[in-house]
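Before any comments, here is the structure.
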Amino acid sequence: MQQLLDTYLIPWGINLGLAILVFIVGRMLVSMVVSLIAKGLAKTKMDDTLVHFVLSILRVLLVLLVVVAALDQLGVDTTSLVALVGAAGLAVGLALKDSLQNFASGVMLVIFRPFAAGDFIDAGGVSGTVDRISIFSTLLKTPDNREVIVPNGAIFSGTITNYSAQPTRRVDMVFGIGYDDDLLKAKQILVRLLEQEARVLKDPSPLVAVAELADSSVNFNVRPWVKSEDYWGVKADLTERVKLEFDREGISIPYPQTDVHLRQVAG
């Protein structure tokens, strides 16, 4: 019995005690390290979502190292355990390939910030206002108040158009008049309507120019600059005023048409 105690139980008990001590001290050190890093990241401009995930991953990795050290102190062969964990990680990585892509894309979106909450964007085949950016997906609200969840991988791997990034935007409109209408009079009407619109910026100055002699009309390019938040309002109001003013001044807005000439052939 004494030999059993001296050979197995006492050494194993000592190793178990040391392993528990290593685990407890290791957990305390992990908490201290994570807390210090959290305080350091709090002083940066890094997004809170990214900070949370970075700290979570760091905590898991450090705790895993503590567990391996405790098991090694207990006499467990950790080489096989590390290989098993690595193989399991590889299998999980392959199974969650798309999720990991979305995670990596989410991290890149948070770091590079091509858009922020409240911006109106076109990304991943969807147009809408950014409501929330998470680490795996981005929630957009469409103009008709639908919520669309777009995977971050689809956003980051494609083209991102941010309509809210700049304080001003140019409104591109095309108005056509008939070939028999007074071109200079129509241009004066367009210039006057732009001057009367208070939301149109003076600098850069708006443009009114003949764009082309099309098949059925003479087309004007009308391009005023406005604040980004006034874009849709100015476009809708100017379109309505141009139509009403053209009607009042006798300027026609032609529509595509085809003239068919019939010729009678003698019997």
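What follows is calculated from the coordinates using simple rules that are stated; it is not laboratory data. Note that the structure is predicted; figures quoted are calculated from it, not measured. Neighbour counts run over all protein chains shown; Cβ positions are idealised from the backbone, glycine included.
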Review point. Which of the trypsin sites (Lys or Arg not before Pro) found in region 91-177 are loop residues per DSSP with 13 or fewer other Cβ atoms within 10 Å of their Cβ?
Key: 146
Review point. For region 127-218, what size does the Cα cloud have along each of its three principal axes, sorted from largest down, in whole Å?
Key: 58, 32, 24
Study note, to complete from the structure: Here, chymotrypsin sites (Phe, Trp or Tyr not before Pro) of region 165-267 satisfying both criteria (DSSP loop; at most 15 other Cβ within 10 Å) are 179
Study note, to complete from the structure: Computed on Cα atoms, Rg of region 114-162 relative to 2.2 N^0.38 Å comes out at 0.96
Exercise for review: List the extent of the Cα atoms of region 139-178 along each of their three principal axes, largest first, rounded to whole Å.
Suggested key: 48, 22, 21
Check your understanding: Too long at a 24 Å Cα-Cα cut-off: which of 141/227; 39/141; 43/141?
Key -> 39/141; 43/141
**Study point:** region 231-257 and region 111-150: distance between their alpha carbon centers, rounded to Å
**Key:** 33 Å
Study note, to complete from the structure: Plugging the Cβ-Cβ distance of residue 68 and residue 112 into 1/(1 + (r/R0)^6) at R0 = 30 Å yields, to the nearest 0.05, a FRET efficiency of 0.30
**Study point:** Unit Cα scatterers, Debye sum, region 173-267: log10 I(q)/I(0) for q = 0.14, 0.20, 0.21 Å⁻¹
**Key:** -0.55, -0.97, -1.05
Study note, to complete from the structure: Plugging the Cβ-Cβ distance of residue 56 and residue 32 into 1/(1 + (r/R0)^6) at R0 = 22 Å yields, to the nearest 0.05, a FRET efficiency of 0.85
Check your understanding: What FRET efficiency would be calculated for the residue pair residue 202, residue 248, taking the C-beta separation as r and a Förster radius of 25 Å, to the nearest 0.05?
Key -> 0.45
**Study point:** Label point distance in nm, residue 232-residue 146, each placed 7 Å from Cα along Cα→Cβ
**Key:** 1.5 nm
